[in-house]
Amino acid sequence: LGWADAERRLGHEDSALAALDLAGRLAGTDPGRRGWTRFIHANVLDHRGDFPAALAEARAVDTLALAAEDKRLEAAAWHEMGRVFSLTGRNREAEGAHARALALYRRLGARPKDVALELNEIGIDYRHLGRFDDAVAALTESFRLFDSLGSPIGRALALSNLVNVRLDLGDLQQAAADVNQALAQSSQSDDVRGNAILDDIAAAVYRRAGDRQRALGFLRRALATNRRAGFPYGMVSDLSDLGLLALEAGDLDRAGAALDSARALADSLGYRRNAVDARVGLARVA
């Protein structure tokens, strides 16, 4: 399972699935072992954009957790359900699932890493729901926990989500300071998905600051990383942002092509919020 999770983080989906196949055979009928195997499988599925299958796996994990009387596995199942809800634009359901996972982790006295990850996720949910003070509080606590663990990518991800909140609130100066700190910390990590996310956030800050050329560089690097690793959510986001950047530069043909590609991919994978964003962009092009 550790091998499968490491391969997933590196973007090596085929190797992750091969490891999970072996783990599944070794798990036998033990509900706890089967549950942890299916939890990582759900992770692989959601990174691939197969949300109905990921949600079905997460719900099966919850059932297995109850059979195994494994509260940490139960929390992990709700964490994964929350991720799927968040990525498909079901923000209230996402916040409810992540709140349940966080309560379980706190009650268990779980590892600080688990609590930090959950706080990061619920901070994203609060932002999407417009609860900006709650988002800042959750993401700041997440950052402090990751900092105490010495986790460069954890600190960077919490900071990058704080940057999103700063941008929503119009605090560009603090957003720029946060993103530069996050980029410096991410250089110590080979977490493929995490580094691509940071490039996306940096692009958003530089775009807001009017430095389109630097924003374009970060977006192109993020798109190349996401394509190489097979992370469709990042690809949709990058294509949409590249389209909006071209629109702002007055290059309507390039903008329309990128946004239409983003819309088609978002529609095919069920990324509802991204599909809406791409259509808004296409309306502006028209």
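The values are calculated or read from the model by the stated rules, or taken from the named source; none is laboratory data. The model shown is predicted, which means the values in this text are computed figures rather than measured ones. Note that each Cβ is placed from the backbone with ideal geometry, even for glycine, and that neighbours are counted across all protein chains shown. Heads up: the accessible areas ignore ligands, DNA and RNA and are worked out on the full protein's heavy atoms, side chains in. Shrake-Rupley method; radii C 1.70, N 1.55, O 1.52, S 1.80 Å.
Each residue in the stretch 252-286 was checked for being open to solvent by 20 Å² or more (accessible area, probe 1.4 Å), outside any helix (DSSP H, G or I) and either of a type in the set (Lys, Arg) or modelled with pLDDT under 95 (or both), and 1 pass. Checking every residue in the stretch 214-226 against the condition of being closer than 28 Å to GLU7 by Cα and of a type in the set (D, E, K, R) gives at least one match.
Across the stretch 38-52, the number of residues qualifying as under 19 Å from SER268 (Cα atoms) and open to solvent by 30 Å² or more (accessible area, probe 1.4 Å) comes to 3.
The residue of the stretch 67-81 that is most open to solvent (accessible area, probe 1.4 Å), among those that are more than 12 Å from LEU104 (Cβ to Cβ) and part of a helix (DSSP H, G or I), is ALA67. Output the helices (runs of 4 or more DSSP H) that fall wholly within the stretch 164-238 and possess 1 or more residues being surrounded by fewer than 16 Cβ atoms within 10 Å (Cβ to Cβ) and small (Gly, Ala, Ser), or say none. The qualifying helices (runs of 4 or more DSSP H) are 172-186, 212-229. Only residues that are within 25 Å of GLY210 (Cβ to Cβ) and either in contact with a strand residue (DSSP E or B) (Cβ under 7 Å, 6 or more places away or on another chain) or not hydroxyl-bearing (Ser, Thr, Tyr) (or both) were counted in the stretch 237-274, giving 23.
Return a yes/no flag: does the stretch 149-159 have any residue that is surrounded by 21 or more Cβ atoms within 10 Å (Cβ to Cβ), out of contact with any strand residue (DSSP E or B) (no Cβ under 7 Å at 6 or more places or on another chain) and basic (Lys, Arg). Yes, that holds for at least one residue.
Please work out if LEU145 is in a helix (DSSP H, G or I) and either on the phi > 0 side of the Ramachandran plot or in contact with a Pro (Cβ under 7 Å, 6 or more places away or on another chain) (or both). So LEU145 passes the test.
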